[in-house]
Amino acid sequence: MKKKQHEEMAASILQEIGSNSNVATFSHCVTRLRFTLKDKSIVDDEKVKEIPGVIGTQWLGEQYQIIVGPEVDDIYETVCELGNIEAAEAVNENLDKELTGNKKISLKGLGNAILAYLSPSMTGIIPMMVAACMCKTIAALLGPEVLNVIPNTSDLYIVLNFMYNAFFYFIPLFLGYSAAKTLNINPTYGIYLGALIMVPEFIGLVGVRETISVFGISVPVASYASSFLPVILGVWIMSYIVKFLNKYMYEALKPIFVPLITILIMAPVMFAVCAPLGTYIGNIVGDFFITLSQSNFVFKLIGAMALSILLPYMVLGGMHGALVNFAILTFTQNGSESFILPIMLAYNFAVFGVALGAVFKLKKPENKTAVAGYFATGILGSVTEPCLYGVIMKYRQTMKALLIACVVVGLWVAVFTPVNYVISTATVFTFFIPWIQGGTANIIAGVGLMLAAFISGTIAALFVNYDE
């Protein structure tokens, strides 16, 4: 956003909240402008939401929050300049719980708290995620799978994939930075956690050793590149350790001993708990669903429905890798797979469908443009992350639309049993390839599954509310 746009946005915000004379205090966090106003009745909340660049608004206690996203620092400074307001230090987003008072713990509240942490943690890295995905999309379009302009051995094809992997392979580092910033701790702590589980000496042990001792604790050796869950969980745990040490340690000792004690504690926590947690859960879930898939129709129906509904949460938690391993093992043994792979492939198209529905339903041009880009990247390049984090996580009500589409997927797989004969990407150019080998009936069942997932996701997304 250019300086002129910042100035126009700041001027509009000041006008709708009653000018600087109505501002008692003004601060900001990682995504929001935070006003304490003298007269709340002056605010026209609907007009504030219509200001270009404003993502959403909310009242928390006596504080009026305007959500503007990762450009909050620049926008905050501009508001201060135009309104002649003294700038304040950025506040911790977690202080919201103090503004809302004591509330009863509930599943809904817990879910909202988790999403409130995940959403801003992902917001900061989405632009680079989209850029990396576009590189893969270009490679896929030009490569042998679609236009066949360049071979997969050409330097251009290889470099474009480098550019994609530069983000996704090292995503624990990017996510560590963003998550630490969200929790208001030094971002280098988060980067360190990401680097810790990706250090070459550890990665080099994959396939050589099954375990390694970390301070006397035996932990599994595995590759955690491209994983989301370990760092997200690790940074959350680490935030409490850092804040505890900063609170109770003598000032003179903090520069050395706060980071030292923190990493000494977090090393075994990361390797023994956070990093392998997704694999542990995924293996348990995978065993369970494989058993159901091999049972009678009723249990298979239950298993397909349950897996389809749980899959979005497993993907968000990084627990779906174990499912992929189970599916590939079955595929290798039998030359086909008729449960996990069809569901996971259709899930991709359900996500793309929800993104397309959001394009039609969103009102703000800048939001439409962004989501249209996520959709194009997904449907052309077989990458769901921009749609998942830029749509599902940002506009949380769309999760309901995705779950509806996933229910359709589970029913279809259980009833029509499409068999996946080729492991392929989920794009508009390749969605029919996995089903061809099985004959006409299987093609109809497989292509029908993809279309059912996509169409149901699109339609369902048209009936949810979007907080813009």
Surpassing 23 Å at the alpha-carbon level, of the pairs K49/K136; K181/K394; K364/K394, are K49/K136
Taking every alpha carbon pair in the range 355-410 and sorting the distances into 5 angstrom bins from 0 up to the bin holding the longest one, the percent per bin comes out as 4, 21, 29, 27, 15, 3, 1
In degrees, nearest 10, the alpha-carbon axis of helix 229-248 is tilted away from the dominant principal axis of the alpha carbons of the chain by 30 degrees
Semi-axes in Å, largest first, for the range 387-466 (Cα gyration tensor, √(5λ)) are 27, 14, 9
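How would you classify the range 239-367 from its alpha-carbon gyration tensor, with a ≥ b ≥ c the square roots of the eigenvalues: rounded for a/c under 1.5, else prolate if a/b is greater than b/c, otherwise oblate? Numbers along the way, then the final one.
Working: a/c = 3.48, a/b = 1.67, b/c = 2.09.
It comes out oblate by the Cα gyration axes.
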Helix 3-16: inclination vs the chain longest Cα principal axis, degrees, rounded to 10, gives 70 degrees
Averaged per residue, the 1.4 Å probe accessible area of the range 1-78, protein heavy atoms only, in Å², is roughly 47 Å²
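Calculated FRET efficiency, F257 and T25, Cβ-Cβ r, R0 22 Å, to nearest 0.05? Intermediate results must be reported in sequence, preceding the final value.
Working: r = 35 Å, r/R0 = 1.57.
The pair F257/T25 has a calculated efficiency of 0.05.
Regarding the chain, what's the average projected area of the Cα-atom convex hull, expressed in nm²? Mind dumping the intermediate values first?
On the way: hull surface 102.7 nm².
Over every viewing direction, the Cα hull of the chain projects on average to 25.7 nm².
Under a 1.4 Å probe, what is the accessible area of the range 336-468 per residue, stated in Å²? Don't skip to the answer; put the middle values down first.
On the way: 4730 Å² over 133 residues.
I get 36 Å² per residue for the range 336-468.
Quick one: with all protein chains in place, what share of the accessible area of the range 311-468 is carbon or sulfur, to the nearest percent (1.4 Å probe)?
Numbers: 4080 of 5890 Å².
Solvent-exposed carbon and sulfur of the range 311-468 make up 69 percent of the total.
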Rounded to the nearest Å, the spacing of the alpha-carbon centers of the range 195-248 and the range 11-82 is 39 Å
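Taking the alpha carbon gyration tensor of the range 143-239, what are the square roots of 5 times its eigenvalues, largest first, to the nearest whole Å? Provide the component values of the computation, followed by the final result.
On the way: eigenvalues 194, 81, 17 Å².
The equivalent ellipsoid of the range 143-239 has semi-axes of 31, 20, 9 Å.
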Calculated from DSSP helices alone, with each H run of at least 4 adding -39500 (n - 2.57) and the total divided by the residues of the chain, [θ]222 nm to the nearest 500 comes to -19500 deg cm²/dmol
Given pairs K3/K254; K40/K361; K243/K363 and cut-off 32 Å on Cα-Cα distance, the over-length ones are K3/K254; K243/K363
Quick calc: nm separation of the 7 Å Cα→Cβ label points for L451 and N161 -> 3.3 nm
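The values are calculated or read from the model by the stated rules, or taken from the named source; none is laboratory data. Every value quoted in this text rests on a predicted model; they were computed, and no experiment measured them. Heads up, the Cβs are rebuilt from the backbone with ideal geometry, glycines too, and the neighbour counts pull from every protein chain shown. Note: areas computed on protein heavy atoms with side chains; ligands, DNA, RNA excluded. Shrake-Rupley method; radii C 1.70, N 1.55, O 1.52, S 1.80 Å.
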